[in-house]
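Let me begin by presenting the structure, written as structure tokens, before commenting on it.
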Amino acid sequence: MTSYDGPLLPEDIVSGIQLAQTNARRLIQDARILFSHERYPSSAALAILAIGERGKALVLRRFTVAAKGDEFEMIWKEFRSHQARNSGWKLPPDMAVLNAPLEAEPGDVATENIRAATLDALKQIACYTDFVDKGKWRAPWDIIDANLARSILDSAIAMWGDEPISEQEIGLWMSDRTLKAGISPAADAVLAFNATDLPDEPSSTM
């Protein structure tokens, strides 16, 4: 099957965002079930996948400000990149176990890349065994305990809601052909939304 790398119609953008929301809710529900059965690494892995689905929704919004072929190709590349989709999430305090930075300015590209790489590394840790430095085997449950799994799951829950988006809203963004970063206030608003950080204290409960 050949991957598509062209523009999207407003209805296609809306359908893609809604599909990502639905899939993220499914992943979060499964992660909650696994957490309740103390399957913490598996719960964390599914929560990380849900965060990635949120990243897809943010990437799809960028089609409203794209105007030419190479821009479409770049957006699709990010859409299909695990690491690109993982940027923008907030590192929980438990992430100190990975020696990852805990403080960062929202929208800082270097920091977002580190965050994305950290989340991708966590997904690998949550799923696979490995032989690490000093000649020691490591299992997922050696790193992903209840506290860390809960932090990741809370982050995934906080990043997702049921905020509706309409074809009319997308159409309004796309109707302004001057939408470009740094030129149109509307485009700046879209990009600012993409860089929005997570709330400090998720209010969701298990």
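Just so it is clear, none of the values below were taken in a lab; they were calculated from the coordinates. As the structure is a computational prediction, the values presented were derived from the model and not from experiment. Reconstructed Cβ throughout: ideal geometry from the backbone, glycine too, with neighbour counts over all protein chains shown.
Given a Förster radius of 25 Å and the C-beta distance between Leu9 and Ser81 as r, what FRET efficiency does 1/(1 + (r/R0)^6) yield to the nearest 0.05? Before the final figure, lay out the partial values.
Values: r = 23 Å, r/R0 = 0.92.
For R0 = 25 Å, the calculated efficiency reads 0.60.
Using θ = phi - 60° and the Karplus form 6.51 cos²θ - 1.76 cosθ + 1.60, what ³J(HN,Hα) does each residue of region 29-41 get, whole Hz, x for Gly and Pro?
4, 5, 5, 5, 4, 5, 4, 5, 9, 6, 9, 5, x
For Leu19 and Arg138, compute 0.36 nm times the residue count separating them, minus their Cα-Cα distance, and round to one decimal in nm. Intermediate results must be reported in sequence, preceding the final value.
Working: separation 119, 0.36 × 119 = 42.84 nm, distance 3.57 nm.
Length gained, Leu19 through Arg138: 39.3 nm.
Please compute the net charge surrounding Ala31, taking Lys and Arg as +1 and Asp and Glu as -1 over other residues with Cβ under 11 Å from its Cβ. List each step's numbers first, then the result.
Values: positive: Arg25, Arg26, Arg32, Arg39, Arg150; negative: Asp30, Asp154.
After counting each charged neighbour, the total is +3.
Relative contact order for region 1-73 using alpha-carbon pairs under 8 Å, separation at least 6, rounded to a whole percent?
Working: 55 pairs, mean separation 30.9, N = 73.
Once normalised by length, the contact order is 42 percent.
Kindly state, to the nearest 0.05, the FRET efficiency for Ala121 paired with Glu73, given R0 = 45 Å and r defined as their beta-carbon distance. Display every interim value, and only then the final one.
On the way: r = 27 Å, r/R0 = 0.60.
Efficiency for this residue pair is about 0.95.
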